[in-house]
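Since the structure comes first, as structure tokens, the remarks are kept for the end.
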Amino acid sequence: MKRCPPLGDPAALRALQDALYVVGGKWKLPIVQSICNGNHRFRDIERSIPGITTRMLSKELKELEMNGIISRTVHADIPVTVLYEPTDYSKVYGPIIMAMIEFGLVHQQKMRAQ
């Protein structure tokens with residue numbers, strides 16, 4: 001079994017805290033996954049994530065855009081259309097999502113066995 005990585009280095013601790021800020025919370029990973037799976041309009045993203053509120057989705061989308069994970073494009077059609085797209089940088093989420101899914105499956109099995 002692998003041990004936890006050492007965090008005695010202050011730079012490593014700050015990097016971990018930065019990563020948690022960008023990916024942390026209940027909604028960011030599901031939002032990125034939704035956008036990467038083809039939901040590019042606000043309402044489509046909202047419908048694809050049970051339990052998320054309009055206000056929370058709006059807040060999280062702004063943070064994801066600020067961190068370069070997604071891009072927001074406004075098309076001046078009538079009516080105005082806003083599309084959210086994954087950036088090339090969002091590909092860093094792939095391994096994180098897969099690792100969390102693997103952890104979730106292992107954790108579920110462990111809890112059922114107890």
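Test each condition in (1) exposed (fewer than 13 other Cβ atoms within 10 Å of the Cβ); (2) more than 26 Å from ASP18 (Cβ to Cβ); (3) of a type outside the set (A, V, I, L, M) for PHE103 and report the one that comes out false. Status for PHE103: all satisfied but (2). The set of residues in segment 69-91 that are surrounded by 13 or more Cβ atoms within 10 Å (Cβ to Cβ) and within 23 Å of LEU20 (Cα to Cα) comprises ILE69, ILE70, SER71, ARG72, TYR84, PRO86, THR87, SER90. Of the residues making up segment 64-79, those that are out of contact with any helix residue (DSSP H, G or I) (no Cβ under 6 Å at 6 or more places or on another chain) and within 15 Å of GLY24 (Cα to Cα) are LEU64, GLU65, MET66. Just to be sure before I move on: is GLN33 of a type outside the set (Gly, Ala, Ser) and touching a residue at least 60 places away in the same chain (Cβ under 8 Å) in the structure I sent? Considered against the rule, which asks whether it is of a type outside the set (Gly, Ala, Ser) and touching a residue at least 60 places away in the same chain (Cβ under 8 Å), GLN33 comes out as yes. For segment 45-57, state whether one or more residues are surrounded by 10 or more Cβ atoms within 10 Å (Cβ to Cβ), modelled with pLDDT under 95, of a type outside the set (S, T, N, Q) and under 18 Å from LYS28 (Cβ atoms). Within segment 45-57, not a single residue is surrounded by 10 or more Cβ atoms within 10 Å (Cβ to Cβ), modelled with pLDDT under 95, of a type outside the set (S, T, N, Q) and under 18 Å from LYS28 (Cβ atoms). Cβ-Cβ contacts under 7 Å between residues 6 or more apart (or on different chains), taken from a first residue in segment 68-88 that is small (Gly, Ala, Ser) to a second residue that is in a loop (DSSP other than H, G, I, E, B), are listed as GLY68/THR87; SER71/THR87.
The values are calculated or read from the model by the stated rules, or taken from the named source; none is laboratory data. Computed from a predicted structure; not experimentally measured. Backbone-built Cβ (ideal geometry, glycine too); neighbour counts: all protein chains shown.
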